[in-house]
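One structure, pasted below without further comment.
Read-outs: derived from the displayed coordinates by stated rules, not from any lab. Source: prediction; values computed, not measured. Cβ sites come from the backbone with ideal geometry, for glycine too, and all protein chains shown count toward neighbours.
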Amino acid sequence: MEKSYYNVLETLLLIYATDGGKLKIYLKKKNDEPYKGYWTLPSAPLDTETTLEENAHIIYSGMTGLDETTMFQSKAFSSLDRDPNARIIGISFIAITDKALTDMKQNADDKAWFEVDELPKMGFDHANIIEEVSKDVKKKIVTNYDDMLLAFFPSDFTLPELQSFYENVLGKSIDRRNFHKKFVNQDLVIDTGFKTSRGSGRPGTLYRFNVDKMKGKRI
């Protein structure tokens, strides 16, 4: 039997954000077959006049209504049974966005945020893709590899918010004093001089990352 060398390339986009200390991903509900009613990653086939990177940015803008993002190319997925209708090779990209800004721009029933460890009913091989890529994302967050932690916290935050995110990513508790010393004593964060009353309890001090110290730093 003669082999077929015809393949379709698609761009898969994993859009991540923080929300209440949780790592979440933005998905869309499929409204046609196959997998009608299932949730999927936003994706698009690659045409002859668009690069993978351009395609990823087009998908991002269409999903979020935003233009600016931090984006990384991730992994390729080429299992023979990825799609029941065609031989499709998927190239995945990671985009990190601001959930609040996205929610202001988008309010559609077929788009929603989910915790990466509590996914809905997923179509195709997208649950496996999210699991595999999210493992890498989590590793990069806790070490700031590729400045990943900076990308998730580009603006002000409290240290308890940062610690809560760390703990959810790691799946375990961290000693509060040691965690605070790690960032404060190494001048990795800067006290903004402001406080916030969001959440319960006493107003928390707002910090931001010391970009000069954090940029390119493995922690």
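For the chain, give the share of DSSP beta bridges that are antiparallel, in percent and rounded to the nearest 5; count only bridges with both residues there.
Details: 27 of 37 bridges.
Approximately 75 percent, going by the DSSP bridge assignments.
Using a Förster distance of 22 Å, how high is the FRET efficiency between GLU131 and LYS36, based on the Cβ-Cβ distance and rounded to 0.05?
Using R0 = 22 Å, I get an efficiency of 0.45.
Evaluate E = 1/(1 + (r/R0)^6) for LYS75 and ASN178, where r is the Cβ-Cβ distance and R0 equals 35 Å; express this FRET efficiency to the nearest 0.05.
After rounding, the FRET efficiency stands at 0.55.
With unit charges on the beta carbon (Lys/Arg positive, Asp/Glu negative), name the residue among LEU46, THR11, GLY123 whose Cα is farthest towards the positive pole of the charge dipole of the range 8-144.
GLY123
When the chain is treated as a GNM, springs tying every alpha-carbon pair under 10 Å, which of ASN128, ASN55, ASN185 comes out with the largest mean-square fluctuation?
ASN185
Here's something else I'd like to know. Please work out whether the range 26-93 counts as rounded, prolate or oblate from its C-alpha gyration tensor, where a ≥ b ≥ c are the square roots of the eigenvalues and a/c under 1.5 means rounded, while otherwise a/b larger than b/c means prolate and anything else oblate?
It is oblate, given that a/c is not under 1.5 and a/b is not larger than b/c.
Right, something else. To the nearest 20 Debye, how big is the dipole of the range 55-101 about its Cα centre, given +1 on the beta carbon of each Lys and Arg and -1 on that of each Asp and Glu?
Roughly 200 debye for the range 55-101.
Only Cα pairs within less than 10 Å get springs; with that Gaussian network setup on the chain, which residue of SER74, SER155, SER134 has the largest fluctuation?
SER155
Compare GLY65, GLY171, GLY21 in a GNM of the chain, Cα atoms joined below 10 Å, and give the one with the largest fluctuation.
Ranking GLY65, GLY171, GLY21 by mean-square fluctuation puts GLY171 first.
Same structure again: Please name whichever of THR158, ASN178, MET214 sits farthest to the positive end of the charge dipole of the range 153-214, dipole taken about the Cα centre and charges placed at Cβ: Lys and Arg +1, Asp and Glu -1.
ASN178
Could I ask something else about it? Calculate the dipole size of the chain relative to its Cα centre from +1 charges on Lys and Arg beta carbons and -1 charges on Asp and Glu beta carbons; express the result in debye to the nearest 20. Before the final figure, lay out each step's value.
Working: 31 positive and 33 negative charges, 234 e Å.
The dipole magnitude comes to about 1120 debye.
Can you bin the chain into rounded, prolate or oblate? Criterion: square roots of the alpha carbon gyration tensor eigenvalues sorted a ≥ b ≥ c, rounded for a/c under 1.5, prolate for a/b above b/c, oblate for the rest.
Prolate.
For the range 53-158, with only Lys/Arg (+1) and Asp/Glu (-1) charged at the beta-carbon, what is the dipole magnitude about the Cα centre, in debye rounded to 20?
With Lys and Arg at +1 and Asp and Glu at -1, about 240 debye.
I want the local charge near SER43. Using Cβ-Cβ distances under 12 Å, sum +1 for each Lys or Arg and -1 for each Asp or Glu among the other residues.
Values: positive: LYS28, LYS30, ARG82; negative: GLU10, ASP83, ASP125.
Combined, the nearby Lys, Arg, Asp and Glu give 0.
Okay, moving on. Quick check: Cα centre of the range 15-91 to Cα centre of the range 122-199, how many Å?
Computed from Cα coordinates, the inter-centre distance equals 23 Å.
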